[in-house]
Amino acid sequence: MLILKNKLQVLEYEPANNILLAEWPNHEDYSLPEVVQTLETLVKYIREYNVKYLVINSTQVKPNFQITGLREFKAAIVELVYNLSKTSLKKIARIATNNPEREILVRNLAHEISQGLVFDFQIKEFLSQTEAKEWLLG
């Protein structure tokens, strides 16, 4: 069931499995406030639907740090993880990109963020949505 679609985010909810699919399409012209609003909207729907499982597909997004700045982007992600830690999420599956440089950046950022936060959900990366869903429901 489609619950939201705009230029920066598509959210689909699968009530039978309590999975929220979050896709961030490629839209190169965005600002930090738009990124923050997008992440806040994601958390809002996770709370509203009492979501247990989340699939994040950002394979199409090309981060534009000239607009957001790496430090500001990191702060937005820290805020996201903090807010997600206050939800009923059990597992988050991230669909990895085929861009090695971006994946190194994401892994380094995730490692750095995880050092300072405590959260109860599991996070794992996958190459496909099918694999991600199998892990979420396994």
**Message:** If Rh is defined by the Kirkwood formula over all Cα pairs and Rg also comes from Cα, what ratio Rg/Rh do you get for segment 79-138?
**Reply:** 0.98
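Magnitude of the Cβ-charge dipole of the chain, K/R +1 and D/E -1, about the Cα centre, nearest 20 debye?
260
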**Complete:** tail above 18 Å in the computed P(r) of the chain, as % of all Cα-Cα pairs, reads 55
**Percent carbon-and-sulfur accessible area, segment 31-138, ignoring ligands, DNA and RNA, probe 1.4 Å** = 52
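The values are calculated or read from the model by the stated rules, or taken from the named source; none is laboratory data. This one's a predicted model, so the numbers in the text were calculated from it and none came from an experiment. Positions of Cβ are backbone-derived with ideal geometry, glycine not excepted, and every protein chain shown enters the neighbour counts. Surface accessibility is based on the protein's heavy atoms, side chains included, excluding ligands, DNA and RNA. Shrake-Rupley method; radii C 1.70, N 1.55, O 1.52, S 1.80 Å.
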